[in-house]
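Engineer: Mind having a look at this structure? Questions to follow.
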Amino acid sequence: MRLDNLLAQEKISRKSMKQALLKKEILVDGLPACSLAQNIDTGLQELLFQDRIIQGYEHTYFMLHKPAGVVTANKDKKLPTVMDLLPQHLQSEQLYAIGRLDRDTTGLLLLTDNGPLGFQLLHPQYHVDKTYQVEVNGALTPNHIQKFKDGIVFLDGTTCKPAQLEILSSSPTFSQATITISEGKFHQVKKMFLSIGVKVTSLKRTHFGPWCLDDNLQEGDYRHLNSKELTIIRDFLRKSG
Ligand code: URA
């Protein structure tokens, strides 16, 4: 949650916040806060306002193994959503998915009630890599690896940032690969493969930045992030502060 919103909940006036910020009297894990817009999770970080501990708000973070057939949305008129996979009591929380996966894409999706975090993680400034396991209906060659490295150009002229393609198997009608991209354009992976003349027949996200899909999580299942995964969030909040 934004620092100013946290402090406002403690009935601290905006004027006092600004003065305390300037005087370096707002400390986050012992370091002066940089801005009132800073994203803070007091479940992961210690917040001091003029030597007073602010209890603030502990955010929630889940890892979900998205199955095919559900849409990445909070509500949909016709289709089941990723939120429908959660028990009723969590559906009323202000949770949302960080990034979108297509309806037929499976794999790692982070869910949180920390609003600004998703915005930050998806912002091009932070270059969060996403890795996918891909199956396509044609051959993949070393030439394609180079094309992905150089930056695939879509038919409409849009150029993608360099991507890493690793070919796991290849035959004229079926190939398997992993691809790592640092952007999040609409249907990006599918369009990248289409532009080299093959169609994606299966797509699964295995990594989102430093977070890795838990092998023990079955499709449709979710769990809280563990302490190691939460430490990555805390470090990210610290760096992006
Ligand atoms: N790229 C796609 O084409 N689809 C996804 O779901 C994710 C990345």
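Just so it is clear, none of the values below were taken in a lab; they were calculated from the coordinates. Since this is a predicted model, take the numbers as computed values, not measurements. So basically every Cβ, Gly included, is an ideal-geometry build from the backbone, and we count neighbours across all protein chains shown.
Engineer: Pairs to check: Lys149/Lys228; Lys66/Lys149; Lys66/Lys191; Lys149/Lys185. Give those whose C-alpha atoms are more than 24 Å from each other in this structure.
Structural biologist: Working: Lys149/Lys228 31 Å; Lys66/Lys149 28 Å; Lys66/Lys191 21 Å; Lys149/Lys185 17 Å.
Cα-Cα > 24 Å for Lys149/Lys228; Lys66/Lys149; rest within.
Engineer: Continuing with this model, one more query. Based on the Cβ-Cβ distance of Phe154 and Ala8, what FRET efficiency does E = 1/(1 + (r/R0)^6) give at R0 = 45 Å, to the nearest 0.05?
Structural biologist: 0.55
Engineer: Let me know the shape class of region 35-80, please: from the alpha-carbon gyration tensor, a ≥ b ≥ c as square roots of the eigenvalues, rounded when a/c is under 1.5, otherwise prolate if a/b is greater than b/c, or oblate.
Structural biologist: prolate
Engineer: How many angstrom separate the Cα center of region 170-216 from the Cα center of region 31-60?
Structural biologist: 37 Å
Engineer: With no solvent and one equal point scatterer per Cα, compute the Debye intensity ratio I(q)/I(0) for the chain at 0.13, 0.15 Å⁻¹ and report its log10, rounded to two decimals.
Structural biologist: Debye output, listed in q order: -0.86, -1.03.
Engineer: Work out how much length His187 to Thr60 would gain on full extension: take 0.36 nm times their residue separation and subtract the Cα-Cα distance, in nm to one decimal.
Structural biologist: Extending this stretch completely gives an extra 42.9 nm.
Engineer: I'd like the Karplus ³J(HN,Hα) series for region 94-111: coefficients 6.51, -1.76, 1.60, θ = phi - 60°, whole numbers in Hz, and an x wherever there's a Gly or Pro.
Structural biologist: Residue by residue, region 94-111 yields 7, 8, 8, 8, 8, x, 10, 10, 4, 4, 8, 8, 10, x, 6, 9, 8, 10 Hz.
Engineer: Put +1 on the Cβ of every Lys and Arg and -1 on every Asp and Glu Cβ in the chain; which of Leu101, Gln176, Gln188 then has its Cα farthest towards the positive end of the dipole?
Structural biologist: Gln188
Engineer: Run through the DSSP bridge list for the chain and note the antiparallel percent, rounded to the nearest 5.
Structural biologist: 95 percent
Engineer: For Lys11, list the lysines whose Cα falls under 21 Å from its own Cα; do not include residues on the same chain fewer than 8 positions away.
Structural biologist: Lys23, Lys24
Engineer: Collect residues whose amide H, placed 1.01 Å from N in the peptide plane, falls under 5 Å from the amide H of Ser202; neighbours closer than 5 in sequence don't count.
Structural biologist: Glu135
Engineer: Between Glu219 and His127, what length comes free when the chain is fully extended (0.36 nm per residue of separation minus the Cα-Cα distance, one decimal in nm)?
Structural biologist: Between Glu219 and His127, full extension yields an extra 30.4 nm.
Engineer: Quick one: putting +1 on the C-beta of Lys and Arg, -1 on the C-beta of Asp and Glu, what dipole do you get for the chain around its Cα centre, in Debye to the nearest 20?
Structural biologist: Using only the charged Cβ atoms, the result is roughly 720 debye.
Engineer: Quick one: Karplus J couplings for region 181-190, per residue in order, coefficients 6.51, -1.76, 1.60, θ = phi - 60°, nearest Hz, x for Gly and Pro?
Structural biologist: 10, 10, 10, x, 5, 4, 6, 4, 5, 4
Engineer: Between beta-carbons, use under 14 Å as the cut-off and find the net charge around Arg14, counting Lys and Arg +1, Asp and Glu -1.
Structural biologist: Local charge sum for Arg14: +2.
Engineer: Dividing the alpha-carbon radius of gyration of region 129-208 by 2.2 N^0.38 Å (N being the number of residues), what value is obtained?
Structural biologist: Details: Rg = 11.2 Å, N = 80, 2.2 N^0.38 = 11.6 Å.
Relative to the rule-of-thumb radius for its length, region 129-208 sits at 0.97.
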